[in-house]
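Below: the structure, in structure tokens.
The values are calculated or read from the model by the stated rules, or taken from the named source; none is laboratory data. Just so you know, these numbers come straight off a predicted model, no measurement behind them. Cβ coordinates were reconstructed from backbone atoms using ideal geometry, including for glycine residues, and neighbour counts include every protein chain displayed. Remember, those area values only see protein heavy atoms, side chains included, never the ligands or the DNA or RNA. Shrake-Rupley method; radii C 1.70, N 1.55, O 1.52, S 1.80 Å.
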Amino acid sequence: MRESPQVRTKCEISFTVNGKLVTLRAHAMERLLDVLRHELRLTGTKEGCGEGECGSCAVLMDGMLVNSCLIPVLQANGASIVTIEGLASNDQLRVLQQAFLDCGGAQCGICTPGMILAAFHLLSKKPQPTSEEIREGLSGNFCRCTGYMQIFEAVAQAGRRGTAT
Amino acid sequence: MKNGPIVGTSVPRKEGRAKVTGEARYVDDMVLPDMLYGATVRSRFPRGKVKKITFGPGIDWEEFVVVSPKDIPGKNCIALIEDDQPCLADGMVNHPEEPLLLVAHPDRHLLPKAVEAVSVEYDALPAIFSMEESERLSQIIWGADNTFKSYLIEKGDVEAVWEAADYIVEGEYTTGAQEQLYIENNGMIAAFDPQQGLTVWGSLQCPYYLHKALMKLCDLPADRVRVVQTETGGAFGGKEEYPSMIAGHAALLAMKSGKPVKIIYDRMEDMTATTKRHPSRTRHRTAVSKDGKILGGEIEFTLDGGAYETLSPVVLSRGAIHSGGPYHWPSVRIRAKAVATNAPPHGAFRGFGAPQSLFALERHMDRVAQTVGLSPVEFRRRNFLKPGQTTTTGQTVREKIDLSKLLDRALELSGYYAKKKKFAEENQVGGCKKGIGMAAFLHGAGFTGSGERYLGSEVGVEACADGSVRILVSSTEFGQGTKTVLCQIVAEALGLRYEDVGIAQPDTQEVPNSGPTVASRTVMVVGKLVQSAAMGIRQTLTARGMLGDSFTPEEFRAACQAHVAQHGKIRCLARYEQPDDIVWDEQKYRGSAYAAFAWAVYVAEVTVDLTTYSVSVDDFVAIQEVGKVLHPVLASGQIIGGVAQAIGFALYEKVIWEKGRMQNGQMTNYMMPTSADLPPIRVYFEELGNVHGAYGAKGIGELPMDGPAPAILNAIEDALDIPFDSIPLLPEDIFAALAEKTASENVVRSVREER
Amino acid sequence: MRAHPAEYELVAPRTLPAVLSLLAQAPGAWLPIAGGTDVMVQYSAGNLRARKLVSIWNLPELRRIEILPDEIQIGAGCTYTNLSEHTIVSREFTLLSRAARWTGGIANQNRGTIGGNIVNASPAADSLPALLVYEAELLLVSVRGERRVPYRNFHIDYRRTQLASDELIRAICLKRWFSEYYAQARKIGARNAQAISKVCLAALGRLADGVVDDIRLAMGSVAPVPLRLTETERIVKTKRIDSALIQLARTTAAAEVLPIDDIRSTARYRAAVAGNLVAEFLEHLSVSGSRR
């Protein structure tokens, strides 16, 4: 039994994105992914499946890796969000991003933002991950191009180079 | 001169920085002012006549732009080989998810409801869903006999071999549909201006395919259609022909509304409505002598093309030509056909027919070996093509390929013999069975036969006053490294630094038609052309006395400056010319099918877990001869990625069909292997060079798709002593076969006990 | 994305009493959403019938893990990451921490909650068999107060639970009795990560004087609800583990489960694998004794 659809009003949402405070009006059930891409024009975060399977939409929310396609923006209120755009600062590519370039970790690039965030998250918890830990840490990010090996090499290399940052 | 070799080293990916910083712009990242969003109303029936279309209540239809077949200015078709596929079904639908109508609105959130609110009444017609039903002709759904295309390839005297044979071995092998599953869904933006014409931007492999299709659909001349490729998030063939359809839809909405229109599919629509790999059935009948030599055989290769012809004739062609593999067939008859069913048309996917026919062949070779009493290794060794011998189409192998040696290397690198022995012992006990298996194969690069001549690809290279050089090709980058490798080639040819060479984003207004980005032809064919065009620039400058025979990059820059000042920009074009030694008879389907073949031997090690019946691939060795490796990291990346997709083809990726519609159109239910499912894939290259390719390169993009599936299934047979001839092979299938084996053994046992 | 955000209302009261009050005002009208890993998938597909949602994400009252002398109480809002990283959960309730690490990838583990898993009541849910063998009890809370119910009765039928329309699960209580048991968790999916299970097993066993002193077997994806294999347990208890018993347990378990054919697998396969997993558990139990 469906009520006739009523259009709800938008609410005010406030959160930091890549260190900057953002305040906007959005429907509470707008997906965080869509708010980032459409309202804030941060298109680095991608939609690959809309089901939380592929990890292309991954961002960091309060330091935790999450799939932004599954987060209603109201639940991001007051949170600190980091997207791929927040990771390379001042033109100095982070060690991790450089490792992706050196090892061939990015082919078509569509999974790359989410993959780099997942790798960043892993390295922040395990600075010198074993290959098993890398495999497990990235198992929620799908890549159809690389077969993963060069991505794992990139993460391992970034670990060896000392810092993910 | 320059600082050292560029070709053969792993220079940075040309567009890599943008990809790792999130700056790369894919079509859904683009927004145009006043843009509308479009969506597609699709058939729910596999086959029938459309009786009535009703625009339901609850939607303010005045706000929507609606396009139906009558709004099509040109011909209602997606022009490809035939014009049989409508852009919008008009009166008759032939597959589930067939497009009927288009709607657009400024608010993308309103589209799903609007699409749901269009109800369509059909007079259902009987539909067919399998190759066998199609062959039976109980329903004619396409043409006179449901057959899109057939080929007959004959060599030698097949009738004579059966008498002489000591063994005749038969087998039937099938492969299922496979979804390309690029992580970026299909998307297009179209804008129409009555003066300028139509422009489309989108995720695609072949800008000129769209250009041709849009001209016909929209009734526009060539200079009023412009196609621009945006950064493309994976393609694998799935964006070879399909983008013409979605671009046509966006264009029609843009033309009707006068506004830019964006259409982006969500994952379910993309999976259920767009192309997949052709399902196949191959039947082998092979005559073999008692010393294990192939005398000849018959190969029947059949593809399920779905509801419209699209590219099926070409997929069929490649599959048929590859069906004999890297072996010497003194006599062979190959009968190939592509038939129609009421499913969305099947299309290009990496390998393009060859993974299907090579799966069958390499499973069959193991079967023949077993029948004859030889090891899989020895049987292949005795039948490998040697230089000077001819292929199934009568092409003489000119290069000095030594497949026996390639095989030896593969066996050594994989530890084949030691493992085989060890597994045989360990399999006596334990809840797991291990096995090792191999596949030997080849893949022809470039278009088949006269195809490249037909394409007449053209490229441009231009130099500007500041000495920077720009490549102009319609060949697209979608992860495989087009931009990087072409820039390497030109930098090497001109003696410049890699950083000084750039490449224009494919835009039909700016770049010539260098042919589609398919068939593993880009580095080999297009690369050779850009190499020529670059040399042409050198020659122009030298001829004008502005450049010596050897020069520094600074001298090159000065020469360009001088030329531009006196004569304007330097642009050199190069056009494909078929080499004299590539001769092909299109009628008889005989001759030199491909300018070059890459050759490979793959070895897979598996464990079958008898508790869960699942297969894990524990080690994988991929060794291939590829001419020249122009970029080691990219080349390895192609092989690893292709092997990963092929492991999915073999063991994981099953399309579940119900009356022509894919039921598992979500990433949750269509099983692509994750990082946790893939083994370390060990890649090795041999390099013999190739006179027809840039710096000796051959094509490699599709090669890795051909070998893993049969190698894995051969390994599983080694582990379990049960042959499996159909992929994808799931744990449920292994369980059923083991249960049946146990049941029949029990019957035998109880019969014995009774006696 | 097939839903229109403007048609949905989502509110996020700051405290548990405020949420309960809302649920009581209009029982059944508000759908609680925690991490959203189930609800948001339905929503995006255009399949979410509810139009009013109340967020229970990150309510402090639901995120605690209380350690008492003979029981732990896991807040229903704890995520799978909370479970897999918690020392005592990992040490004393390995079946649960292991299941937590198998559910989705890291990103989904950071958002999916144990309470959400229970209430969503998918028969394939990874954590639920563990709760059955640990004989969990649920603390259900509403404006009317709190009640404690045995988890084994909580699932009534396919996706139907005992939860009243104004209730939430506040915590999951696990007795700290199981450290000395041998524990084994197994999840069989279509792939090694990001897979809905085709069959999963949570098993606990204990030997004393060479016979099975206690055995608890629970499975997911083989019935409309998570299933305790009481019949199989019965034939194994008090017996010595030998190959005859293992075979009997295999066939009993395969017959006791009630699997179906669906998009992921077949009934025959699931039944056979269920039997195999039980057999495998008994083999390991006989070797490991009462060690973990």
Between a first residue in segment B:562-574 that is farther than 16 Å from B:GLY536 by Cα and a second residue that is open to solvent by less than 50 Å² (accessible area, probe 1.4 Å) and assigned to a helix (DSSP H, G or I), which pairs have beta carbons less than 9 Å apart while being 6 or more apart in sequence or on different chains?
B:ALA562/B:LEU541
Here the residues within segment B:716-750 that are modelled with pLDDT of 95 or more, under 17 Å from B:GLY431 (Cα atoms) and open to solvent by 40 Å² or more (accessible area, probe 1.4 Å) are B:ASP718, B:ASP721
In the set C:ARG186, C:ARG206, the lone residue that is more than 19 Å from C:ALA136 (Cβ to Cβ) and either away from chain A (no Cβ under 14 Å) or open to solvent by 10 Å² or more (accessible area, probe 1.4 Å) (or both) is C:ARG186
If you go through C:LEU95, C:LEU174, C:LEU132, C:LEU128, the only one that is in contact with a His (Cβ under 9 Å, 6 or more places away or on another chain) and hydrophobic (A, V, I, L, M, F, W, C) is C:LEU128
Subset of segment B:259-317 that is over 30 Å from B:ARG381 (Cβ atoms) and of a type in the set (Lys, Arg) - its residue that is most open to solvent (accessible area, probe 1.4 Å)
B:LYS259
Of all residues in segment B:679-697, which are open to solvent by 10 Å² or more (accessible area, probe 1.4 Å), touching a helix residue (DSSP H, G or I) at 6+ places or on another chain (Cβ under 6 Å) and in a loop (DSSP other than H, G, I, E, B)?
B:GLY689, B:ASN690
Does segment C:250-282 hold any residues that are in a helix (DSSP H, G or I) and in contact (Cβ under 8 Å) with a residue 40 or more places away in the chain, and which are they?
C:TYR269, C:ARG270, C:ALA271, C:VAL273, C:ALA274, C:LEU277, C:VAL278, C:GLU280, C:PHE281, C:LEU282
Select from segment C:109-139 the residues that are acidic (Asp, Glu) and in a loop (DSSP other than H, G, I, E, B) and list them in ascending order.
C:ASP126, C:GLU135
Restricted to segment C:58-81 and to residues being assigned to a loop (DSSP other than H, G, I, E, B) and over 22 Å from C:PRO13 (Cβ atoms), the residue least open to solvent (accessible area, probe 1.4 Å) is C:LEU68
Per the filter on segment B:442-455, residues assigned to a loop (DSSP other than H, G, I, E, B) and open to solvent by less than 10 Å² (accessible area, probe 1.4 Å) are B:GLY446, B:GLY449
Would you tally the residues in segment A:25-64 being under 14 Å from the mean Cα position of the chain (by Cα), more than 8 Å from every other protein chain (Cβ to nearest Cβ) and not hydrophobic (A, V, I, L, M, F, W, C)?
2
Tell me the residue from B:VAL20, B:VAL41, B:VAL27, B:VAL7 that is aliphatic (A, V, I, L, M), more than 30 Å from B:MET268 (Cα to Cα) and at pLDDT 95 or above, please.
B:VAL7
For segment A:65-99, name all the residues that are β-branched (Val, Ile, Thr) and within 9 Å of another protein chain (Cβ to nearest Cβ).
A:VAL66, A:ILE71, A:VAL73, A:THR83, A:ILE84
Which of the residues that make up segment C:1-57 are polar (S, T, N, Q), more than 8 Å from chain A (Cβ to nearest Cβ) and either under 26 Å from A:GLY55 (Cα atoms) or crowded, with 20+ Cβ neighbours inside 10 Å (or both)?
C:GLN42, C:ASN47
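Conditions tested, residue by residue: (1) farther than 30 Å from B:ARG224 by Cα; (2) open to solvent by less than 20 Å² (accessible area, probe 1.4 Å).
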| site | (1), (2) |
| --- | --- |
| B:ASN513 | no, no |
| B:PRO516 | no, yes |
| B:PHE556 | yes, yes |
| B:GLN566 | yes, no |
| B:ARG571 | no, no |
| B:VAL583 | yes, no |
Among helices (runs of 4 or more DSSP H) entirely within segment B:367-434, at least 1 residues that are on the phi < 0 side of the Ramachandran plot and of a type in the set (Phe, Trp, Tyr) occur in B:376-383, B:416-426
Taking the residues in segment A:101-115 that are over 14 Å from B:ILE183 (Cβ atoms) and outside any loop (DSSP other than H, G, I, E, B) as candidates, determine which candidate is least open to solvent (accessible area, probe 1.4 Å).
A:CYS103
Exactly one of C:SER84, C:SER90 is surrounded by fewer than 24 Cβ atoms within 10 Å (Cβ to Cβ), part of a helix (DSSP H, G or I), in contact with a helix residue (DSSP H, G or I) (Cβ under 6 Å, 6 or more places away or on another chain) and more than 14 Å from chain A (Cβ to nearest Cβ), and that one is C:SER90
Top-ranked residue of segment A:101-123 - restricted to ones that are facing chain B (nearest Cβ under 8 Å) and of a type in the set (A, V, I, L, M), ranked as nearest to A:SER56 (Cα to Cα):
A:ILE110
Residue that is under 25 Å from the mean Cα position of the chain (by Cα), crowded, with 20+ Cβ neighbours inside 10 Å, under 27 Å from B:GLN531 (Cα atoms) and within 14 Å of chain A (Cβ to nearest Cβ), where the choices are B:SER592, B:SER636
B:SER636
Does B:GLU425 fit the bill of being open to solvent by 30 Å² or more (accessible area, probe 1.4 Å) and not aromatic (Phe, Trp, Tyr)?
yes
In segment B:348-370, is there at least one residue being of a type in the set (S, T, N, Q) and over 30 Å from B:MET268 (Cβ atoms)?
yes
Quick one: which of C:ALA279, C:ALA254, C:ALA274 is buried (at least 23 other Cβ atoms within 10 Å of the Cβ) and within 13 Å of chain B (Cβ to nearest Cβ)?
C:ALA274
Only residues that are open to solvent by less than 30 Å² (accessible area, probe 1.4 Å), farther than 30 Å from A:LEU101 by Cβ and touching a strand residue (DSSP E or B) at 6+ places or on another chain (Cβ under 7 Å): list them for segment B:16-62, please.
B:MET35, B:LEU36, B:GLY38, B:ALA39, B:THR40, B:VAL41, B:ARG42, B:SER43, B:ARG47, B:GLY48, B:GLY56
Restricted to segment B:530-573 and to residues being β-branched (Val, Ile, Thr) and under 20 Å from B:ASN513 (Cα atoms), the residue modelled with the highest pLDDT is B:VAL530
Can you name the residue in segment C:111-123 that is polar (S, T, N, Q) and crowded, with 24+ Cβ neighbours inside 10 Å and is also nearest to the other protein chains (Cβ to nearest Cβ) among such residues?
C:THR113
